[in-house]
Every structure is written in C-alpha cells, then in structure tokens.
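Working notes, structure below.
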Amino acid sequence: MKTLYDPLTRDTVITRVVQLRPDAKPLWGRMTAHQMLCHLSDSFLVCMGERAVSPATSFMQRTLVKWLALYLPMQWPKGVPTRPEVEQGTGGTPPVEFERDRERLVALVRRFSSDSRDFQFHPHPVFGSMSDGQWQRWAYLHTDHHLRQFGV
C-alpha cells in the first residue's frame with residue numbers, strides 16, 4: 001500500500017509533480033494544471049493546521065467512507081466535490097507563478113512526510129481524525145488522483 005512515508009513513493013510523486021507542464025490539459029474536471037498545484041498545496045496546509053477549512057463529516061464518512069477511500073484497491077472517483085476553502089475559483093489559493101507554486105508543493109510534500117515534523121496533523125474535514133499512517137496514505141492517494149488528472 002503506497003504512502004508518502006515510503007521514500008521511493010515520495011520521490012516518484014515529486015518527480016511526477018516536476019514533470020507537470022503548465023499547459024497540460026485535464027483528463028477530467030475544470031482545474032488547470034497550475035490551479036491543481038495550488039489545490040494540492042492548500043490541502044496539505046489544511047492537514048497541517050495552517051489553513052482553515054469547514055468540516056463536512058458524518059459518522060459514515062469518518063468510518064466506512066474513510067476506510068473505503070484509504071484501503072480499497074481502486075482509483076478515487078472523478079468529480080467528488082471538495083471543500084470551498086480549497087476549491088479553485090471559490091476559496092482556494094489563486095495561482096501566481098507556475099514554477100514558484102510547483103516548488104511550494106514539492107516543499108510541502110517533503111515537509112508533510114518528514115520524520116521530524118514541525119506540525120501536528122489536524123482532523124480531515126471529511127474523514128475526521130486519522131493516524132500518521134492514514135494521513136500519509138491519504139496524501140499519496142489525493143496527490144496521485146490529481147496528477148493522473150493531468151496525465152503524469
């Protein structure tokens with residue numbers, strides 16, 4: 001099961017981020033490649049407690065849906081709504097400069113998966129409290145989902 005704790009998986013994810021082209025077209029969804037970089041950065045910041053987001057959780061989401069999303073061997077579905085605070089065009093951080101925003105995401109991936117973290121994980125807005133391992137699994141799956149959205 002892939003997680004960002006695994007150095008090879010983390011390095012592969014970072015390589016894919018670096019391979020992303022600013023003009024890459026989405027295979028689904030409305031975000032541009034640049035917006036996707038900002039969305040992923042926003043999502044990492046939410047998990048680290050550095051960006052506020054409204055909760056949208058229920059017992060089913062904190063239990064069954066979380067388990068299915070993290071452990072079922074299938075790709076995440078396309079078009080699942082996100083929280084407005086990290087949605088591009090609504091409340092997400094607007095893109096500024098592609099290379100700078102890409103470097104920011106790479107730094108956040110490294111920081112998020114570091115053994116010597118300088119932050120505490122905050123509850124996921126949908127899945128609630130998660131273990132370190134669950135956070136690393138979620139981060140891999142979320143990043144992989146959006147990189148596949150742009151063919152990398």
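For this structure, a couple of remarks:
- Selection count, segment 17-51, where residues are buried (at least 17 other Cβ atoms within 10 Å of the Cβ) and of a type outside the set (G, A, S): 18
- Top-ranked residue of segment 112-122 - restricted to ones that are free of Cβ contacts under 8 Å to residues at least 40 places away in the same chain and open to solvent by 80 Å² or more (accessible area, probe 1.4 Å), ranked as nearest to L141 (Cα to Cα): D115
- Some residue of segment 112-125 being over 14 Å from the mean Cα position of the chain (by Cα), among the acidic types (D, E), assigned to a helix (DSSP H, G or I) and under 18 Å from C47 (Cα atoms): no
- Among residues of segment 76-90, those that are surrounded by fewer than 17 Cβ atoms within 10 Å (Cβ to Cβ) and either more than 14 Å from the chain's Cα centre (by Cα) or of a type in the set (K, R) (or both), counted: 6
- Scanning segment 4-28 for residues that are over 17 Å from S113 (Cα atoms) and outside any helix (DSSP H, G or I) gives L20, R21, P22, D23, A24, K25, P26, L27, W28.
- One residue stands out in segment 52-64 among those that are in contact (Cβ under 8 Å) with a residue 60 or more places away in the chain and either open to solvent by less than 60 Å² (accessible area, probe 1.4 Å) or in a loop (DSSP other than H, G, I, E, B) (or both): the one that is nearest to G92 (Cα to Cα), namely V53.
- Every condition in (1) within 17 Å of W76 (Cβ to Cβ); (2) surrounded by 20 or more Cβ atoms within 10 Å (Cβ to Cβ); (3) of a type in the set (S, T, Y) holds for T9 except the one numbered (2).
Residue by residue, here is whether (1) assigned to a helix (DSSP H, G or I); (2) touching a residue at least 60 places away in the same chain (Cβ under 8 Å); (3) small (G, A, S); (4) touching a strand residue (DSSP E or B) at 6+ places or on another chain (Cβ under 7 Å) holds:
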{"position": "H34", "(1), (2), (3), (4)": "yes, yes, no, no"}
{"position": "W67", "(1), (2), (3), (4)": "yes, no, no, no"}
{"position": "V80", "(1), (2), (3), (4)": "no, no, no, no"}
{"position": "T93", "(1), (2), (3), (4)": "no, no, no, no"}
{"position": "R102", "(1), (2), (3), (4)": "yes, yes, no, no"}
{"position": "V106", "(1), (2), (3), (4)": "yes, yes, no, no"}
{"position": "R110", "(1), (2), (3), (4)": "yes, yes, no, no"}
{"position": "H142", "(1), (2), (3), (4)": "yes, yes, no, no"}
{"position": "L147", "(1), (2), (3), (4)": "yes, yes, no, no"}
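The values are calculated or read from the model by the stated rules, or taken from the named source; none is laboratory data. These figures come from a predicted structure and were not determined experimentally. Positions of Cβ are generated from backbone atoms using ideal geometry, with glycine treated the same way; all protein chains shown enter the neighbour counts. These area figures cover heavy atoms from the full protein model, side chains too; ligands, DNA and RNA do not enter into them. Shrake-Rupley method; radii C 1.70, N 1.55, O 1.52, S 1.80 Å.
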